[in-house]
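Worksheet: the structure to be examined is printed underneath.
The values are calculated or read from the model by the stated rules, or taken from the named source; none is laboratory data. Note that the coordinates shown come from a computational prediction; the quantities given were computed from them, not determined experimentally. Cβ atoms come from the backbone with ideal geometry, glycine included; neighbour counts cover every protein chain shown.
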Amino acid sequence: MKSEIEESTVLNVDNEALSAFRRMKRIATALFLLMVLLFIVSKSLEINYPLVSYLRAFSEAAMVGALADWFAVTALFRRPMGLPIPHTAIIPRSKDRIGDGLGRFISRNFLQPAQVERRLEKIELATGFANWISTEDRAQKLGEGIATTVPRALGLLKDGPIYDWLQQTIKKRMQNTDIATVFADGLALLTRNKRHKPIVDLIIFHSDLLVHSHEAEFREKVSRNVDWFPKLLAVDSSASDALLDAIKETLHEAAGDPNHSIRAKIDDALGHLEHSLRFDPNMRSDLAHWIEDLAQHESVTKYISSIWEEIKRELGETSPEGQAKLAKTIAGILREIASALTENQELNESLNQKLKQWAIEISATQGASVGEMVSETIKSWDASTVVSQIENAVGRDLQFIRINGTIIGGLVGLLIHAISQFTLS
């Protein structure tokens, strides 16, 4: 486990930062060696050339400053020269405390709801998403990425739990739905502003066709119910003609008159049905039992299972043509979303507020968890990993401390030497 963590950490090292760190480390070390060389040369020439004593004093103090700051910088990460000097290797020994502190710092200073809300106050998340998707054909690239990932993700899923979840969710939704009220709302929407007129026209039209297609049966039934004497006088035929003509004429009138009494009767029937769906306990109970029986029916169970099979087959297509089709579909959806967010300001503002609300809610519920995750991640690393990560991140700047210590130390030594020379003289 430890080796896996180390390997993943090494892979995430910033190579540019690491190169800069090593370069500055070589410069700081080279500067120290230069001071050593300058000290040796100036010390040997000081007897014959008194002014060289200033170079000797500078280089001598510079070496002290360089060594002192090298010790301070090194002591942060490891024991200098491997010696068990107290209060050295500070970061490895304090790894867990650093992890806890960093986790708390992130949680308290970045992920508190009030802070997240303040930072998001002037940020238009929905607009930013729409603009990002709309440039450089990112929708297509994102669609291709999702299309490539989806089959792999589907391959990791087990069908059994998904079948069970779909069965339970859909059946529960069906059983908990007030289907009578849904039907009543549908009827109300259908009849509002005469939206149902085309349906009534269709009913009247097919009623007229029905009369024509069953005219012989009507005549036969009229004749069957007439006594023999009227039949002798052909009264049955006249009665049939009169009845059928009256029906046809009534239907033709209803077809052309939007205010005909037949249409009013149909409207009354629909209104009565809507009222019964809302308030008749017997009808509501019958519909509820019907939906419950339907939810438990074998055909419904098979259909629900087939839904997942269809989704998995469509999304799990691994052929180049299938993935290209899926990527194109996803990209099209993303472009439509971006276009809708750009053109519909109300939708944009609504989504923007919802995204901000989600971010604030997530920070409230998961902010502490993120801090704990950071802390546990650092704690799971071994000491050498922590040292390498921190040293690679800030090592370049720490090497400037060594360089500054060398120069400042040399200047202070030079100043002290100059003061002592003028004082003694």
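Scan region 353-362 for residues that are surrounded by 13 or more Cβ atoms within 10 Å (Cβ to Cβ) and more than 14 Å from the chain's Cα centre (by Cα) and report the count. Going through region 353-362 one residue at a time, the tally reaches 1.
Only one residue in Lys194, Lys248 is exposed (fewer than 14 other Cβ atoms within 10 Å of the Cβ) and at pLDDT 75 or above. Which one? Talk me through it step by step, then tell me what you get.
Numbers: Lys248 fails: exposed (fewer than 14 other Cβ atoms within 10 Å of the Cβ).
Among Lys194, Lys248, only Lys194 is exposed (fewer than 14 other Cβ atoms within 10 Å of the Cβ) and at pLDDT 75 or above.
Of the numbered criteria (1) aliphatic (A, V, I, L, M); (2) touching a Gly at 6+ places or on another chain (Cβ under 9 Å); (3) within 30 Å of Ala62 (Cβ to Cβ), the one Leu398 fails is (2).
Taking Glu372, is it in contact (Cβ under 8 Å) with a residue 40 or more places away in the chain, part of a helix (DSSP H, G or I) and either surrounded by fewer than 18 Cβ atoms within 10 Å (Cβ to Cβ) or under 29 Å from the mean Cα position of the chain (by Cα) (or both)? So Glu372 passes the test. Checking each residue in region 160-191 for being part of a helix (DSSP H, G or I) and under 11 Å from Ala295 (Cβ atoms) picks out Gln167, Gln168, Ile170, Lys171, Lys172, Arg173, Met174, Gln175, Asn176, Ile179. Any residue in region 336-349 that is in a helix (DSSP H, G or I), within 30 Å of Asn15 (Cα to Cα) and in contact (Cβ under 8 Å) with a residue 40 or more places away in the chain? Looking through region 336-349, none of the residues is in a helix (DSSP H, G or I), within 30 Å of Asn15 (Cα to Cα) and in contact (Cβ under 8 Å) with a residue 40 or more places away in the chain. Here the condition is being in contact (Cβ under 8 Å) with a residue 24 or more places away in the chain, under 30 Å from Arg93 (Cβ atoms) and over 18 Å from the mean Cα position of the chain (by Cα); of Gly395, Gly413, Gly316, it holds for Gly395 alone.
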